[in-house]
Amino acid sequence: EVQLVESGGGLAQAGGSLRLSCAASGFTFDDVTIAWFRQAPGKGREGVSCISLRDGITLYADSVKGRFTTSSDNAKNTVFLQMNNLKPEDTAVYYCAATKGWYPLETYEYAYWGQGTQVTVSS
């Protein structure tokens, strides 16, 4: 039914940039929120950002505010995460996730998950 596929991960130097994409399909509802989470070794899953496809509202974790920007192309059912001024601490597997309604960065509210894309930032 619902499918989420991340892409765009890779290796970047500290201070560099990457853009992640999340291609979504199979939704049967309109009020979709797409969030980005990340998980580093030894840590739990951490909320990064989210965007409402209905009204464009966005929310960011303090750790990425001012550096990361999330946006959407609703016609293509694609969400992006532009990551600038990357830090080694940003190294993690990044996941996109979807839910019905607005539940910003509440992990348990997201029923649909992609398989993740690795982001590695070197110093």
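The values are calculated or read from the model by the stated rules, or taken from the named source; none is laboratory data. Source: prediction; values computed, not measured. All Cβ positions, glycine included, derive from the backbone under ideal geometry; neighbour counts span all protein chains shown. Side chains are part of the model used for accessible areas, which takes the heavy atoms of the whole protein and leaves out ligands, DNA and RNA. Shrake-Rupley method; radii C 1.70, N 1.55, O 1.52, S 1.80 Å.
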Next item on the list: Considering every residue within region 62-70, establish whether at least one is in contact with a Phe, Trp or Tyr (Cβ under 7 Å, 6 or more places away or on another chain), open to solvent by less than 40 Å² (accessible area, probe 1.4 Å) and among the basic types (Lys, Arg).
Entry: no
Notebook entry, point to check: Is it fair to say Phe80 is among the aromatic types (Phe, Trp, Tyr) and either within 13 Å of the chain's Cα centre (by Cα) or closer than 18 Å to Glu106 by Cα (or both)?
Noted result: yes
Check: How do the strands (runs of 3 or more DSSP E) wholly within region 20-103 filter down when requiring 3 or more residues that are closer than 16 Å to Gly8 by Cα: which remain?
Finding: 32-39, 68-73, 78-83, 92-100
Check: When residues of region 10-22 are filtered for being within 11 Å of the chain's Cα centre (by Cα) and either open to solvent by less than 50 Å² (accessible area, probe 1.4 Å) or free of Cβ contacts under 8 Å to residues at least 12 places away in the same chain (or both), how many remain?
Finding: 3
Margin query: The conditions are (1) open to solvent by 60 Å² or more (accessible area, probe 1.4 Å); (2) touching a Lys or Arg at 6+ places or on another chain (Cβ under 9 Å); (3) not acidic (Asp, Glu), and Val121 fails exactly one of them. Which is it?
Written below: (1)
Note to self: Quick test of your reading of the structure: Ala92 fulfils all but one of (1) farther than 16 Å from Arg19 by Cα; (2) out of contact with any helix residue (DSSP H, G or I) (no Cβ under 9 Å at 6 or more places or on another chain); (3) in contact (Cβ under 8 Å) with a residue 24 or more places away in the chain. Name the failing condition by number.
What the structure shows: (1)
Margin query: Tally up the residues in region 104-118 that are open to solvent by 50 Å² or more (accessible area, probe 1.4 Å) and assigned to a loop (DSSP other than H, G, I, E, B), please.
Written below: 3
Next item on the list: Give me the pairs, please: first residue somewhere in region 34-54 and farther than 12 Å from Tyr103 by Cβ and modelled with pLDDT of 95 or more, second residue anywhere and open to solvent by less than 10 Å² (accessible area, probe 1.4 Å) and among the basic types (Lys, Arg), beta-carbon distance under 9 Å, and either six or more positions apart or on two chains.
Entry: none
